[in-house]
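Each value in this text was obtained by applying a stated rule to the coordinates, not by laboratory testing. On a predicted model such as this, the values are computed, not experimentally measured, just so you know. In this analysis, Cβ positions are derived from the backbone assuming ideal geometry, glycine residues included, and neighbour counts consider all displayed protein chains.
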Amino acid sequence: MNRLEDALNDMASSGITPMHMPGHKRNPDLIPSYLQNDITEIPGFDDLHAPSGIIKDIEHKASSLWNARSAVLSVNGATAPILASIMAASSKGKVLIASNCHISVWHALELAGCTPVSINPATDPSVPFCLSVDPDSVDRVLTENPDIKTFVITSPTYEGVISDIKSIYKITQAHKAALIVDESHGAHFGLNEMFPETSVADVVIKSIHKTLHAPTQTAILLTYSDTVREDLIRHYMDVFESTSPSYILMSGIDRVVSDLTENNSLTKPWAEALYECRAKLKTELKHIKLFEKDNTDPSKLVILTGNVISGSTLAQRLRTEGIETEASFDTHLITMTGIGDTKASLELFEKALLSIDNTLEGSVTSFKGVLPTEAPDIVMSVREAVTSDCVELPKEQCEGKISACYKFKYPPGIPIIIPGQRITKERLALVPGDSVKVIRG
């Protein structure tokens, strides 16, 4: 089976004069060499919006790799598949959503005109972020709200926490509700025995650039049933994705699924080096510590810093050692590993972190007060709140009012307040900035 990258290379070296888009016309005086493969939909290269040839072959390879029923490519990151799957699964009404879902999920509910019913993941005062979603809680909410026919959950989370998707899927199937899993950070799941199993649900979305070797902005939507109509998914992917998709990005997707299909041990050197690094950090860190719990993604090296040092300060110190991390917060630091990591790169990080740790004092303690403990009080749909007459007020005047805007910290893009939510004192304490846009009256 030909790779898209090979076909693009052959075309670029063929000497054919391009009398079509894009405007750079592959002129080497105007563009870097990697754009020689930048083309539009021309004969022989298939069409992302109606795949029947080489792009369809990539879909087949991707679905086989993760044992799915079908696959749809995205060159608009995981955002387009999230928007498309929720639009396809939901009519106006209620959608159950884990409260730590990414902002794109809430945007999808806004576009669909749906009212979210929120479920809070578990929390633990020894951890400054949300943990997994309890399957029994999902069952209880769906039993109390039989009109809910879609549940959206993020697993793994930005910090690598994994929910019990197997149990949750059995529950949603029993309630005849579609399960959509945002597994953006789990593209490597299921690729070797050292990583967790891939999720199986009605729709699973993987952002393959996050941990695999595809370019930024590439993702794959996988279906495992016909509960959510595939024709509707593809329709809404057409809505939310460019009509001029990048063949460079698509060839990057092809490279990943082809490489992994042809070499099923490709992720093992990374995994082996990663486990060595984790073992050393777990035993040798004295003051800050590696986050470890059951059912977490080992590829995320999350460092709890607590009252020892802020995560932001730790990130700055690592930067002086030539290491740039993923995200830093007052309470912790997130470092991501990926298929491109080697034993050497992980040892560099490990040595730098241990060296800094040796200069610190104290130990990590409780993280009380850094997460909301109350469920959000949602009183109207997101769309209704966004389009209502509103006014911006100082935070101290907003308690009890209904939000007309999103307030969230990025990364990872999880809202603290969403439009349509009644604002409480606890939520205001976590809101960045000095003011909030609220519904007038």
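Could you bin all the Cα-Cα distances of the range 290-359 into 5 Å bins starting at 0 and give me the percent of pairs in each, rounded to whole numbers?
The distribution over the range 290-359 is 4, 16, 28, 29, 17, 6, 1, given as percents.
Cα convex hull of the chain: mean projected area in nm², to one decimal?
So the Cα hull casts an average projection of 23.1 nm².
For the range 4-262, just run the numbers: alpha carbon Rg, then divide by 2.2 N^0.38 Å, N being how many residues it has.
1.08
Strictly over 18 Å apart at the Cα level, which of K280/K351; K368/K401; K268/K343 would you flag in this model?
Over 18 Å Cα-Cα: K368/K401.
Near the amide H of I416, under 5 Å away, which other amide H atoms are found, from residues 5 or more places off or on another chain, if H is placed in the peptide plane?
For I416, the qualifying residues are K407, F408, K409.
If I model a spin label as a point 7 Å beyond the Cα along the Cα-Cβ vector, how far apart are those points for N192 and D259 in nm?
Taking the simple label geometry, N192 and D259 are separated by 1.3 nm.
If you take every DSSP beta bridge whose two residues both sit in the range 4-262, what share of them, in percent to the nearest 5, is antiparallel?
About 40 percent, rounded to the nearest 5.
Roughly what % of DSSP beta bridges within the chain run antiparallel, to the nearest 5?
65
Check every DSSP H run in the chain and write down those whose alpha carbon atoms cover 20 angstrom or more along the long axis and whose mean Kyte-Doolittle hydropathy is -0.5 or greater.
Helices meeting the criterion: 247-262, 343-357.
I'd like the distance separating the alpha-carbon centroids of the range 1-55 and the range 269-314, in whole Å.
43
What residue among I416, S435, A385 has its Cα farthest toward the positive end of the dipole of the range 377-439, where the charges are +1 on Lys, Arg and -1 on Asp, Glu, each on the Cβ?
I416
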